[in-house]
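Trainee: This is the structure I want to talk about, given as structure tokens.
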Amino acid sequence: MDVSDLRQRILRALDAARVDAATKRTDVDAAQAAYDAWLRDVAVPLLRQAQAILKAENHMFTVHSPAGSARLASDGHPETFLEFVLDTSGDRPQVLSRTSVARGAKRVSVDERPVSAGKAVKDISEQEVAALLVATIPRLIK
């Protein structure tokens, strides 16, 4: 193979990688902004509603919403919680629900899954989050 031909191919691949990296940074920044708004407008209010419902049924949980996540945690077992986090490690940013359930003194089961696979962060609806809460909360109070 001619050295100049190989050089041109490598340089084109490097340029394409730079463009892809810049595009990914832009996508991640947009997803982060959408995620922050989604936490504020959808996730945290629904977690607070779930907390009130659980409290009325004598299940004590607290909502924590530090920057970048939202968590509904058991007051009796801090290792038992449901939280929402933004995953930017893949090809496309997505919101994950992470469920951690403490069983006994040393056993903790953790499950991570997309809240709505394939959807942009801004398009995840209250109904989808509510369905996830209804499916997940019974596991937290066993």
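Trainee: Given the criteria within 30 Å of THR26 (Cα to Cα) and in a loop (DSSP other than H, G, I, E, B), does SER89 qualify? Working first, answer last.
Mentor: Working: within 30 Å of THR26 (Cα to Cα): yes; in a loop (DSSP other than H, G, I, E, B): yes.
So SER89 fits the description; yes.
Trainee: Return yes when VAL108 is of a type in the set (A, V, I, L, M), within 19 Å of ARG139 (Cβ to Cβ), assigned to a strand (DSSP E or B) and touching an Asp or Glu at 6+ places or on another chain (Cβ under 8 Å) and no when it is not.
Mentor: Working: of a type in the set (A, V, I, L, M): yes; within 19 Å of ARG139 (Cβ to Cβ): yes; assigned to a strand (DSSP E or B): yes; touching an Asp or Glu at 6+ places or on another chain (Cβ under 8 Å): yes.
Yes.
Trainee: Go through the stretch 93-118 and give me each residue that's in contact (Cβ under 8 Å) with a residue 24 or more places away in the chain and either of a type in the set (D, E, K, R) or closer than 22 Å to MET60 by Cβ (or both).
Mentor: Of everything in the stretch 93-118, those that are in contact (Cβ under 8 Å) with a residue 24 or more places away in the chain and either of a type in the set (D, E, K, R) or closer than 22 Å to MET60 by Cβ (or both) turn out to be SER97, THR99, VAL101, ALA102, VAL108.
Trainee: Exactly one condition in (1) at pLDDT 95 or above; (2) of a type outside the set (Ser, Thr, Tyr); (3) touching a strand residue (DSSP E or B) at 6+ places or on another chain (Cβ under 9 Å) is false for PRO45; which is it?
Mentor: Unmet condition: (3).
Trainee: Here are some residues: VAL121, VAL95, VAL108, VAL134. Which one is in contact with a strand residue (DSSP E or B) (Cβ under 7 Å, 6 or more places away or on another chain) and either among the charged types (D, E, K, R) or farther than 21 Å from ARG25 by Cα (or both)? Working first, answer last.
Mentor: Numbers: VAL121 fails: either among the charged types (D, E, K, R) or farther than 21 Å from ARG25 by Cα (or both); VAL95 fails: either among the charged types (D, E, K, R) or farther than 21 Å from ARG25 by Cα (or both); VAL134 fails: in contact with a strand residue (DSSP E or B) (Cβ under 7 Å, 6 or more places away or on another chain).
Sole residue among the options that is in contact with a strand residue (DSSP E or B) (Cβ under 7 Å, 6 or more places away or on another chain) and either among the charged types (D, E, K, R) or farther than 21 Å from ARG25 by Cα (or both): VAL108.
Trainee: Hey, any hits in the stretch 100-108 for a residue that's of a type outside the set (Lys, Arg) and within 10 Å of the chain's Cα centre (by Cα)?
Mentor: No, because not a single residue in the stretch 100-108 is of a type outside the set (Lys, Arg) and within 10 Å of the chain's Cα centre (by Cα).
Trainee: Additional query: Just to be sure I understand, how many residues within the stretch 62-76 are farther than 20 Å from ASP41 by Cα and either surrounded by 13 or more Cβ atoms within 10 Å (Cβ to Cβ) or charged (D, E, K, R) (or both)?
Mentor: Here is the first cut: in the stretch 62-76, the residues farther than 20 Å from ASP41 by Cα are 74-76.
Keeping just the survivors that are either surrounded by 13 or more Cβ atoms within 10 Å (Cβ to Cβ) or charged (D, E, K, R) (or both) gives 74-75.
Final tally of qualifying residues: 2.
Trainee: Something else now. Criterion first (under 13 Å from the mean Cα position of the chain (by Cα) and not in a strand (DSSP E or B)) does ASP41 satisfy it? Break it down into steps so the answer makes sense when it comes.
Mentor: Values: under 13 Å from the mean Cα position of the chain (by Cα): no; not in a strand (DSSP E or B): yes.
Against the criterion (under 13 Å from the mean Cα position of the chain (by Cα) and not in a strand (DSSP E or B)), ASP41 does not qualify.
Trainee: Separate question: For residues that are more than 21 Å from VAL134 (Cβ to Cβ) and touching a helix residue (DSSP H, G or I) at 6+ places or on another chain (Cβ under 8 Å), scanning just the stretch 33-51, find the one that is surrounded by the most Cβ atoms within 10 Å (Cβ to Cβ). Give the steps one after another, and end with the answer.
Mentor: Initially, the stretch 33-51 is screened for residues more than 21 Å from VAL134 (Cβ to Cβ), giving 33-37, 40.
This time we only want the ones that are touching a helix residue (DSSP H, G or I) at 6+ places or on another chain (Cβ under 8 Å), so: 34-35, 37.
Numbers: ALA34: 18, TYR35: 25, ALA37: 12.
If we take residues in the stretch 33-51 being more than 21 Å from VAL134 (Cβ to Cβ) and touching a helix residue (DSSP H, G or I) at 6+ places or on another chain (Cβ under 8 Å), then TYR35 is surrounded by the most Cβ atoms within 10 Å (Cβ to Cβ).
Trainee: Name the single residue, out of those in the stretch 52-63 being of a type outside the set (S, T, N, Q) and in contact with a helix residue (DSSP H, G or I) (Cβ under 9 Å, 6 or more places away or on another chain), that is farthest from THR99 (Cα to Cα).
Mentor: Residues of the stretch 52-63 that are of a type outside the set (S, T, N, Q), as a first pass: 52-57, 59-61, 63.
When the remaining residues are screened for being in contact with a helix residue (DSSP H, G or I) (Cβ under 9 Å, 6 or more places away or on another chain), the result is 53-54, 59-61, 63.
Details: ILE53: 19, LEU54: 17, HIS59: 17, MET60: 17, PHE61: 14, VAL63: 14 Å.
Selected residue: ILE53.
The values are calculated or read from the model by the stated rules, or taken from the named source; none is laboratory data. As the structure is a prediction and not an experimental result, all values here were calculated from the model. A quick note on method: Cβ atoms are made from the backbone with ideal geometry, for glycine too, and the neighbour counts reach across all protein chains shown.
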